[in-house]
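The values are calculated or read from the model by the stated rules, or taken from the named source; none is laboratory data. On a predicted model such as this, the values are computed, not experimentally measured, just so you know. All Cβ positions, even for glycine, are placed from backbone atoms using ideal geometry, and neighbour counts span all protein chains on display.
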Amino acid sequence: MTATETAARPVRRLKWQLAQVREIVVETYRVKSLLLHVANWRGHLSGQHVDIRLTAEDGYQAQRSYSIASPPEDELLTLTVERVENGEVSPYLVDDLRVGDQFDLRGPIGGYFVWTAAMGGPLCLIAGGSGVVPLMAMLRHRERRNGHAPALLLYSSRSPEDVIYRAELDAMARRDSHLRVVNTLTRKQPDGWMGRRGRIDKALLAQECFPPEQSPKIFVCGSTPFVEDVSRFLVELGHDPLTVKTERFGPSGGQAP
Amino acid sequence: MTGTLPNESMIAMNETTISRGFRSKRQEQTPKNRLPPGQYVTTDFPVLSAGPTPQIKLGDWTFALQLGASLLGKWNWAEFEALPQTTIKVDIHCVTKWSKLDTNWQGVTFDDLLKAVGLTEPPAPYIMAHCDGGYTTNVPVADLIGDQGMIATRYEGLPIPPAHGGPARLLVPHLYFWKSAKWVRRLRFMEKDQPGFWESFGYHNYGDPWKEQRYDGD
């Protein structure tokens with residue numbers, strides 16, 4: 001993690017651009033994906049995010065950051081948004097926004113929490129809740145590029161109803177023997193649940209993650225307590241802290257830095 | 001009337017798009033002079049870091065001032081704690097849009113560090129802050145002198161928790177908070193400005209929240 005690892009340093013100003021909603025996908029009862037047309041999108045890397053800006057009739061504005069869920073190869077830019085209770089922006093995006101609506105957006109932002117197929121593997125992705133979003137952009141990018149880098153997604157959700165991209169992840173893992181998707185459910189498991197139960201702990205990481213000797217590229221994204229715990233466990237298991245890239249989601253936070 | 005579509009001319013004039021049905025949900029209005037553009041007030045304290053939180057033992061902790069490769073001064077924890085202490089109450093502004101008002105910090109001001117190494121004025125116009133975990137950030141010395149910057153070791157009267165940068169973080173509250181580098185171990189004076197970590201990844205080199213200098217070119 002040094003300044004010399006510079007990637008994709010933007011030299012032009014990131015201008016606000018008009019994004020138009022082309023399609024809305026219901027992911028879970030409180031998560032939706034917004035598929036956006038952005039006229040002059042300059043392209044992005046998987047893991048980057050955007051700022052969006054909403055403007056009320058009276059001129060009031062609110063800005064927030066959202067991770068990009070779509071790979072660079074897609075024509076439309078996808079943001080996946082979780083409704084934060086009592087939030088100001090996310091309830092609007094999840095509940096009020098309709099196809100055809102427009103808002104201001106700028107990006108892409110962030111050049112550290114990114115993975116490109118050229119970076120190779122093994123790729124170790126660890127997600128808590130909606131922290132799966134930027135990691136999904138990496139998995140989609142890997143698939144579009146027919147990447148065979150060994151990859152793992154270790155994904156913690158509260159309940160089966162909270163698992164975002166469930167069908168797509170299942171299908172992706174079925175198609176690709178080099179990808180493992182391991183779900184763990186922390187609060188509620190359905191009858192006959194064969195997956196993991198409980199929070200991601202050190203033992204689970206030791207069992208599922210690529211060992212330090214394989215120098216995996218590790219990306220951890222979720223709430224602050226989730227990321228703090230998982231990244232500490234990984235370091236205790238012998239992973240070089242500089243190989244563990246983190247991003248925190250929080251009701252008050254956006255992402256990075 | 002010109003031939004321009006009403007929609008386009010509106011965008012051209014305002015450079016913003018009205019979001020149908022979007023309204024402010026803010027209950028209390030923060031005075032405008034407290035909240036920089038694009039920010040909102042939070043009462044909790046979000047954590048944002050690029051990697052794992054370093055676990056630092058106070059017994060192993062040292063802090064150094066450097067000019068190029070030469071050492072101007074170095075302190076262990078007890079020595080650092082014995083330096084003159086200053087407390088400040090300030091608002092802090094994170095580039096990810098949250099601001100937190102009236103935060104209380106205690107530490108050693110940049111001015112007192114200079115005095116402690118026998119300098120009456122700064123030896124170079126820029127510093128690079130070097131931190132555990134490899135993080136760096138650059139700050140002009142002009143933004144640190146005159147009680148503007150400190151090495152903070154207490155937050156709200158208590159040791160700073162590791163996730164928030166403890167045992168010690170740089171505090172430059174009038175710039176976006178990534179400049180207030182967590183886990184700081186070394187300030188290195190530089191004759192020429194150089195970008196630090198986030199500054200090399202597209203974030204603004206200076207980061208004035210009141211000018212909304214979030215990203216390169218802002």
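Among strands (runs of 3 or more DSSP E) entirely within the range A:28-139, having at least 2 residues that are aromatic (Phe, Trp, Tyr) and not assigned by TED's automatic domain parsing to the domain that holds A:HIS178 singles out no element at all.
When the test is whether a residue is without any contact (Cβ under 8 Å) to a residue 24 or more places away in the chain, under 22 Å from B:TYR206 (Cα atoms) and surrounded by fewer than 18 Cβ atoms within 10 Å (Cβ to Cβ), B:ALA124 does not pass it. Is it fair to say B:LYS97 is touching a Leu at 6+ places or on another chain (Cβ under 8 Å) and within 14 Å of another protein chain (Cβ to nearest Cβ)? Criteria not met by B:LYS97. All of B:ASP143, B:ASP147, B:ASP102, B:ASP91 fail the test of being surrounded by fewer than 14 Cβ atoms within 10 Å (Cβ to Cβ) and touching a helix residue (DSSP H, G or I) at 6+ places or on another chain (Cβ under 9 Å), apart from B:ASP147. Note on the range A:220-252: residues that are crowded, with 24+ Cβ neighbours inside 10 Å and closer than 21 Å to A:TYR66 by Cβ total 8.
Looking only at the range B:174-181, decide whether some residue is modelled with pLDDT of 95 or more, within 14 Å of chain A (Cβ to nearest Cβ) and in contact with a His (Cβ under 7 Å, 6 or more places away or on another chain). Yes, there is a match, as at least one residue in the range B:174-181 is modelled with pLDDT of 95 or more, within 14 Å of chain A (Cβ to nearest Cβ) and in contact with a His (Cβ under 7 Å, 6 or more places away or on another chain). Taking every residue in the range B:193-214 that is on the phi > 0 side of the Ramachandran plot and in a loop (DSSP other than H, G, I, E, B) and pairing it with any residue that is buried (at least 23 other Cβ atoms within 10 Å of the Cβ) and of a type in the set (Ser, Thr, Tyr), at least 6 positions away or on another chain, the pairs with Cβ-Cβ distances below 7 Å are B:GLY207/B:TYR176.
For the range B:184-213, residues that are within 8 Å of another protein chain (Cβ to nearest Cβ) and farther than 28 Å from B:LEU67 by Cβ total 1.
For the range B:81-94, the criterion of being under 26 Å from B:PHE197 (Cα atoms) and outside any strand (DSSP E or B) is met by at least one residue. Checking the structure you have, find out if any residue of the range A:42-65 is away from chain B (no Cβ under 11 Å), of a type outside the set (Gly, Ala, Ser) and over 17 Å from the mean Cα position of the chain (by Cα). Yes; the residues of the range A:42-65 include at least one that is away from chain B (no Cβ under 11 Å), of a type outside the set (Gly, Ala, Ser) and over 17 Å from the mean Cα position of the chain (by Cα).
B:ALA64 fulfils the conditions (1) more than 8 Å from chain A (Cβ to nearest Cβ); (2) outside any helix (DSSP H, G or I); (3) touching an Asp or Glu at 6+ places or on another chain (Cβ under 8 Å) except for a single criterion, (3). Of all residues in the range B:1-47, those that are among the β-branched types (Val, Ile, Thr), at pLDDT below 80 and not in a loop (DSSP other than H, G, I, E, B) total 1.
This table checks each residue for (1) of a type in the set (Asp, Glu); (2) within 14 Å of chain B (Cβ to nearest Cβ); (3) closer than 21 Å to A:ILE68 by Cβ.
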site: A:SER90; (1), (2), (3): no, yes, yes
site: A:LEU97; (1), (2), (3): no, yes, yes
site: A:LEU105; (1), (2), (3): no, yes, yes
site: A:VAL163; (1), (2), (3): no, no, yes
site: A:GLU168; (1), (2), (3): yes, no, yes
site: A:MET172; (1), (2), (3): no, no, yes
site: A:LEU185; (1), (2), (3): no, no, no
site: A:ASP191; (1), (2), (3): yes, no, no
